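Report on the structure given below.
The values are calculated or read from the model by the stated rules, or taken from the named source; none is laboratory data. What you see is a predicted model, and the numbers here were worked out from it, not measured in a lab. Every residue, glycine among them, receives a Cβ derived from its backbone with ideal geometry; neighbour counts consider all protein chains shown. We work out accessible area using only protein heavy atoms, side chains counted, and drop any ligands, DNA or RNA first. Shrake-Rupley method; radii C 1.70, N 1.55, O 1.52, S 1.80 Å.
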Amino acid sequence: MKKLTIGILAHVDAGKTTCAEGLLYTSGALKQMGRVDHGDTVLDYDAQERQHGITIYAKETHFHWKNTEVYVIDTPGHVDFSSEMERTLQVLDLAVVLINGQDGVQSHTRTIQQCLKQYHVPAVIFVNKMDISHLTEAELMQDLHKEWGDSCIQWNTADRDENLAMLNEQMLDEYTETGSISEGEIQHAFYQRECFPVLFGSALKLDGIQGLADLINFLSLEREYPSSFGAVVYKVSEDEKGNRLTHLKITGGTLKAKQKINDTAKVDQIRSYSGTQFQLLLQAEAGDTIAVTGLRDFEPGMGLGFEKDRSAPLLKGFMNYELVLPEGSSELILADTCKKLAEEDPQLHISMDEHTGRIHVQIMGDMQKEILQKRIFEDSGIMVGFSEGRIIYQETIAAAVEGAGHFEPLRHYAEVHIRLEPLQRGEGIRVENECPMDMLSSAFQKNILSALERHHHRGVLTGSPLTDVRIVLTAGRGSLKHTSGGDFMQVSSRAVRQALMKADSILLEPYEAFELFVPSENLSRVLYDMEQRNADVKVEELSEENMRITGNGPVRTLMNYQRELTALSGGRGRISSSLTGYAPSHAQETLTEESGYDPEMDLRNPADSVFCAEGTGYTVSWREADSHMHIQEKNADSSSSLMMEKIRVRDEDLKTILIKAGGNNRNAEKLNAENRRKNTKEKEEKQEKKVQPEILPGLLMVDGYNMIFSWDSLSELAEESLAMARDRLIDDLYNYLPYRGEPIVLVFDGYKVRDNIGTEIQKGDLKIIYTKEGETADAYLEKSAYELKGRYRVTYATSDALIQNAVFSQGGSRLPARGLERELKRRNVIL
């Protein structure tokens, strides 16, 4: 049986849920058809959705029609929940786009069209509500041709094949020879998005629904999937019992219940949903759309098995709000709620400022704000408010530029060179590698690339997020003795920052497409307003009394224009809009000046480099840092090459070294023989005397920040909030105590805190130590190795080579940071 995943997409109130209900009823999956206004449809079960009469969350159902199993995803139509709609596109085989027959193509329909093009999803167009429309099929087809192009083909007409023949040469040749066009040619044109079939009907009256099901079956293909397992996550939700559900489209192989996805993730249950009802499956196959329990760390857009993670979404919230809590409430109470919401909808970009504790969220509109407020209250019991929102700007660059960073305080070392290149709008950040393998080890390169991908790069005009930039690693340098993962996080961000300080930066602001309906007598005033708001417009006369204005303009100037339009037109004017993306701002200088942002005073995003001389670190300004870099670029004959420091070894020195090495090897053989005889004798004497070695109590000493910046599970969290990463490490080690069976001491640097006398916190057998002013965690651990010698069997968890050598000389055991992380994963303390 063929398998097909379809999505139903539309502007709000076009009848998506009713259409899905009609397909279920027509196929026999339902015995009785529900109605949205009665609140008894399969997919209309959420209380807030029933209250507002709109779809807020994407939901799944499925039905069989002829020889095809069809999985249906009903998506939100309100513009505020566009990101929920967009997430489903990555798993669709085709889309059914509903057009409200009363209104024709609307503003959000254009956004849907843009998203379908971005994800290359073919689409069937169903013009709904024709039973109550005052527009004819001919008028609506004219509107579709105007907005979507001549590739929209009215399906159930005598001249269908003749119109199809005009779309490409293959169909034209076939139609000329045979007078018709074959099923295969039509399917090929459809999946190449050369053809958009159009049907008319009424979902509520079931008019045209069987024809829609037949067309879906006709366009479905028998697909060949890879034999190896692959899947794409398109949604995260919870069931009625609070269990986390990860919604997947299987794109290859099979998935079984209790199957391990990787070393740390395992599927528990596999569910096939239809509304709130589900059926448990022992196995899901390629082509199935399912939900699973047991997966914790997978978010929408991530790939499983052979599938790679998907690119950044096209639609994003353009307003940033701070959550305002009731007096006496702590932001920490909302930590779990915010984490859950961020997993369900990554596009909310929920963040907590580690210094102020304030929580920020990105929102697309007032409706989303209202729904989010109720979700937070239902989950936490706290009714939050919202600050006055501010528009989220972005920054990019006009031309390629190179940058470098160096980080070399005492006992640290890293240098990175990068190149920034501009990308097309909407492409986000891409990280690529051109660094030669003989210059820098693959492990170091991987650390740098990972740091570049995880860091939230910010521009230098207003401190807004950087976007539409390719970051290319061109060179780097590290030290086996002194370089740690945290060094590359520091230096890679400094390299990007230095490049941005040199670059010609561009400020981007969000733009929206709008549609205005105004009385004719108000046209001139509205056109003047649009010109003042930097909007491009196009005017269309609907009648002598009414005009239609379409256009595109900055969100900043068009925000809340409905109130002004209502007053201007005596309540007769109306506007609808949808976000189209970011574009260069006409007011870059003004907005940059108003922001008051000084990139050189942004201590969290430094552009300067740190070098070392005579055991002391010193800072070099980004303007002068290039000449200090250890990797220097040398131009010769219009070509460039990276020149690295080389150590010359004379032939006579090399010969001396080899002779000594050979002599040492011969002496070592004699010494090893003597040691073996001596050890055997001592062993026999001990066995005779039955001497029992003294058993010392065990103790685990942990270098806190070394763990945070070395563990995969913590380093990314540290980018957002070092405090949260620190708390997570404390919790993980506390949960590890029963498995370890011995006390743990966790040490953090406190030496930079003025007048700090040091702090010790006891949590069961876990002691947390913050060192005093002027004393580093490294120094504390080295001192403890001497003081605890002979009293404890001490194991030191750190990847700092100098500390490892110091504790080893005092008889301590060493455990690398990643080794401790693996131990906690093996015990399922962390996943």
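Numbers at a glance
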{"item": "Label-point separation in nm, Asp379 to Leu802, each point 7 Å along Cα→Cβ", "result": "4.4"}
{"item": "Potential extension, Leu696-Asp297 segment - 0.36 nm per residue separation minus Cα distance", "result": "139.6 nm"}
{"item": "Accessible surface, 1.4 Å probe, highest first, among residues Arg454, Arg271", "result": "Arg454, Arg271"}
{"item": "1.4 Å probe accessible area per residue over the chain, in Å²", "result": "50"}
{"item": "Paramagnetic reach from Arg623 (point 7 Å along Cα→Cβ, amide N under 19 Å) across segment 389-431", "result": "402-406"}
{"item": "Nearest-0.05 FRET efficiency for Ala265 and Leu480, computed from C-beta distance (R0 41 Å)", "result": "0.80"}
{"item": "Nearest-0.05 FRET efficiency for Lys446 and Phe218, computed from C-beta distance (R0 41 Å)", "result": "0.25"}
{"item": "Accessible area (Å², 1.4 Å probe, nearest 10) - Trp622", "result": "40"}
{"item": "Trp148 accessible area, 1.4 Å probe, all protein chains in place, Å² to nearest 10", "result": "20"}
{"item": "For Met601, net neighbour charge (Lys/Arg +1, Asp/Glu -1) across residues whose Cβ lies under 14 Å away", "result": "-1"}
{"item": "Inter-probe distance in nm under a simple model that places probes 7 Å from Cα toward Cβ, at Thr616 and Ala723", "result": "3.4"}
{"item": "Globularity ratio of segment 481-559, using Cα Rg and 2.2 N^0.38 Å", "result": "2.04"}
{"item": "Listed residues Thr68, Thr590 arranged by accessible area, highest first, probe 1.4 Å", "result": "Thr590, Thr68"}
{"item": "Gyration tensor (Cα) of segment 162-278, equivalent ellipsoid semi-axes in angstrom", "result": "40, 21, 11"}
{"item": "Percentage of interatomic Cα-Cα distances in segment 198-252 larger than 19 Å", "result": "61"}
{"item": "Met530, Met489, Met559, reordered so the largest accessible area comes first (probe 1.4 Å)", "result": "Met559, Met489, Met530"}
{"item": "Arg548/Arg358 FRET efficiency (R0 45 Å; Cβ-Cβ; nearest 0.05)", "result": "0.55"}
{"item": "Surface accessible to a 1.4 Å probe, Ser627 within the full protein complex, Å²", "result": "90"}
{"item": "Segment Gln170-Phe517, length gained on full extension (0.36 nm per residue, minus Cα span)", "result": "120.7 nm"}
{"item": "Inter-site label distance for Gln118 and Asp309 at 7 Å from Cα along Cβ, in nm", "result": "1.8"}
{"item": "The chain, Cα convex hull volume normalised per residue, Å³", "result": "251"}
{"item": "Accessible surface of the chain [probe 1.4 Å, protein heavy atoms]: carbon and sulfur percent", "result": "47"}
{"item": "Of every Cα-Cα pair in segment 409-543, the percent that sits beyond 25 Å", "result": "47"}
{"item": "Interchain or long-range residues, amide H under 5 Å from Ala475's placed H", "result": "His417"}
{"item": "Fully extended contour minus Cα-Cα distance, from Lys767 to Asp602, at 0.36 nm per residue", "result": "55.9 nm"}
